[in-house]
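Have a look at the structure below, then the notes.
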Amino acid sequence: MTGALRVLEHHLLVYRRTWKGSLFTSFVSPVLFLTAMGLGLGSLISRGPVRTVDGVSYVAFLAPGLLAATAMQSAFVETTYPIMARMQWLRTYDGMLATPIRVLEVLAGEFGWLAVRLALGSSAFFLVMLLFGTVQSGLGLLAIVVAVLTGLAFGAPIFAFTATQRTDNSFALIGRLFITPLFLLGGVFFPIHQLPQFVQGIAWLTPLAHGVALARGLSVGVLAPAAGIHLLVLLVYAAAGVVAARITFRRRLAP
């Protein structure tokens with residue numbers, strides 16, 4: 001455990017010098033999205049025959065979905081190129097393992113850092129949601145936890161995959177074929193029940209749809225009966241990813 005804390009300390013020290021670079025994705029990007037899509041498109045929807053989406057304004061519908069989707073995208077970025085760099089290009093892990101730190105402690109430190117990064121980004125996004133007045137319940141604060149879980153549900157399996165790679169060729173394919181379609185069809189911008197049945201089935205097989213549904217329910221203060229299932233799906237994906245990463249990461253770095 002001490003080794004994991006040293007790895008986490010390393011990331012915090014590095015981030016102390018690089019945090020300004022994350023300001024755009026943490027604050028500016030959510031403001032632009034909620035202004036353009038939430039207020040802009042939302043104003044058109046509010047003048048239509050239905051006026052709301054699933055009983056709430058469009059910006060209130062959109063914001064928690066974007067919170068979960070942003071966590072997914074952040075987890076994808078954090079567990080691909082940076083991990084490959086430390087493992088293959090910069091040999092950072094070799095330096096860590098030349099000390100008394102063990103492989104599994106490095107892994108625990110990496111997941112600890114991933115959780116911290118997701119919590120920081122989700123908290124910043126939540127502050128923007130408060131500024132836009134899209135949080136309608138005190139339960140909405142728990143949407144930050146759901147966003148972190150959503151990120152881990154994606155990040156842990158992707159981390160396990162990254163540990164098996166020697167080049168970064170496959171990362172762009174994951175982004176194009178998996179992350180981007182989910183961003184568009186995972187219930188962020190419109191209700192999943194409006195999609196064709198086949199696409200609905202695919203969407204519900206992934207963690208994003210469950211993270212969006214749970215975060216949205218907490219934000220508007222109306223939890224669906226399936227909230228427990230949504231939470232369980234996120235936990236199962238994250239746990240399975242951690243177990244897989246434990247195998248692939250140790251196989252890659254253990255002498």
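The values are calculated or read from the model by the stated rules, or taken from the named source; none is laboratory data. Here the structure is a predicted model, which is why all the values come from computation and not from measurement. Ideal geometry is used to build each Cβ from the backbone, glycine not excepted, and the neighbour counts take in all protein chains shown. Quick note on the areas: whole protein, heavy atoms, side chains included, nothing else; ligands and nucleic acids left out. Shrake-Rupley method; radii C 1.70, N 1.55, O 1.52, S 1.80 Å.
Would you mind finding the one in Gln200, Gln194 that is under 29 Å from Met129 (Cα atoms), surrounded by fewer than 15 Cβ atoms within 10 Å (Cβ to Cβ) and of a type in the set (S, T, N, Q)? Can you show your working first?
Values: Gln200 fails: surrounded by fewer than 15 Cβ atoms within 10 Å (Cβ to Cβ).
It is Gln194.
What number of residues in segment 1-56 are within 22 Å of the chain's Cα centre (by Cα) and in a loop (DSSP other than H, G, I, E, B)?
Looking only at that region, the number is 0.
Filtering segment 240-254 down to residues that are of a type in the set (A, V, I, L, M), touching a residue at least 60 places away in the same chain (Cβ under 8 Å) and assigned to a helix (DSSP H, G or I), which residue is farthest from Thr150 (Cα to Cα)?
If we filter segment 240-254 for residues that are of a type in the set (A, V, I, L, M), which is where we start, we get 240, 242-245, 247, 253-254.
If we keep only those that are touching a residue at least 60 places away in the same chain (Cβ under 8 Å) as well, we get 240, 242, 244-245, 247, 253-254.
Then keep just the ones that are assigned to a helix (DSSP H, G or I); that gives 240, 242, 244-245, 247, 253.
On the way: Ala240: 13, Val242: 14, Ala244: 17, Ala245: 17, Ile247: 22, Leu253: 27 Å.
Applying the filter and picking the extreme gives Leu253.
Might you let me know whether segment 210-226 holds any residue that is buried (at least 22 other Cβ atoms within 10 Å of the Cβ), in contact with a Gly (Cβ under 7 Å, 6 or more places away or on another chain), over 13 Å from Val148 (Cα atoms) and aliphatic (A, V, I, L, M)?
Taking every residue of segment 210-226 in turn, at least one turns out to be buried (at least 22 other Cβ atoms within 10 Å of the Cβ), in contact with a Gly (Cβ under 7 Å, 6 or more places away or on another chain), over 13 Å from Val148 (Cα atoms) and aliphatic (A, V, I, L, M).
Which residue is farthest from Gly38 (Cα to Cα), if the candidates are limited to segment 119-135 and must be crowded, with 16+ Cβ neighbours inside 10 Å and not aliphatic (A, V, I, L, M)?
Applying the filter and picking the extreme gives Gly121.
I'd like to verify a number: residues in segment 139-165 that are open to solvent by 30 Å² or more (accessible area, probe 1.4 Å), touching a residue at least 12 places away in the same chain (Cβ under 8 Å), part of a helix (DSSP H, G or I) and farther than 14 Å from Phe76 by Cα, how many?
Total meeting the criteria: 3.
For segment 102-118, which positions are more than 18 Å from Tyr15 (Cβ to Cβ) and open to solvent by less than 30 Å² (accessible area, probe 1.4 Å)?
Of everything in segment 102-118, those that are more than 18 Å from Tyr15 (Cβ to Cβ) and open to solvent by less than 30 Å² (accessible area, probe 1.4 Å) turn out to be Val103, Glu105, Leu107.
If we scan segment 162-180, do we find a residue that is farther than 23 Å from Ala240 by Cα, touching an Asp or Glu at 6+ places or on another chain (Cβ under 9 Å), modelled with pLDDT under 95 and of a type outside the set (Asp, Glu)?
No: segment 162-180 contains no residue that is farther than 23 Å from Ala240 by Cα, touching an Asp or Glu at 6+ places or on another chain (Cβ under 9 Å), modelled with pLDDT under 95 and of a type outside the set (Asp, Glu).
Considering only segment 170-179, how many residues are open to solvent by less than 70 Å² (accessible area, probe 1.4 Å) and under 25 Å from Pro30 (Cβ atoms)?
Counting residues in segment 170-179 that are open to solvent by less than 70 Å² (accessible area, probe 1.4 Å) and under 25 Å from Pro30 (Cβ atoms) gives 5.
Give segment 29-54 a look and list any residue that's open to solvent by 50 Å² or more (accessible area, probe 1.4 Å) and free of Cβ contacts under 8 Å to residues at least 12 places away in the same chain, or say none.
The answer is Leu32, Thr35, Ala36, Leu44, Arg47, Pro49, Val50, Arg51, Thr52.
Any idea which residue in segment 58-101 is most open to solvent (accessible area, probe 1.4 Å), counting only those that are over 30 Å from Val135 (Cβ atoms) and of a type in the set (Gly, Ala, Ser)? Can you show your working first?
The initial filter retains those residues of segment 58-101 that are over 30 Å from Val135 (Cβ atoms), namely 80-101.
Within this subset, residues satisfying the condition of being of a type in the set (Gly, Ala, Ser) are 85, 95, 98.
Details: Ala85: 18, Gly95: 43, Ala98: 87 Å².
That would be Ala98.
Please find, within segment 232-252, the residue that is surrounded by the most Cβ atoms within 10 Å (Cβ to Cβ) out of those that are over 13 Å from Phe159 (Cβ atoms) and in contact with a helix residue (DSSP H, G or I) (Cβ under 6 Å, 6 or more places away or on another chain).
Restricting to residues being over 13 Å from Phe159 (Cβ atoms) and in contact with a helix residue (DSSP H, G or I) (Cβ under 6 Å, 6 or more places away or on another chain), the top hit is Leu234.
Can you name every residue in segment 1-28 that is open to solvent by 70 Å² or more (accessible area, probe 1.4 Å), β-branched (Val, Ile, Thr) and over 23 Å from Gly109 (Cα atoms)?
If the condition is that a residue be open to solvent by 70 Å² or more (accessible area, probe 1.4 Å), β-branched (Val, Ile, Thr) and over 23 Å from Gly109 (Cα atoms), then Thr25 is the only one that fits.
Regarding Phe189, is this residue buried (at least 17 other Cβ atoms within 10 Å of the Cβ), in a loop (DSSP other than H, G, I, E, B) and not polar (S, T, N, Q)? Before the answer, list the steps.
On the way: buried (at least 17 other Cβ atoms within 10 Å of the Cβ): yes; in a loop (DSSP other than H, G, I, E, B): yes; not polar (S, T, N, Q): yes.
Considered against the rule, which asks whether it is buried (at least 17 other Cβ atoms within 10 Å of the Cβ), in a loop (DSSP other than H, G, I, E, B) and not polar (S, T, N, Q), Phe189 comes out as yes.
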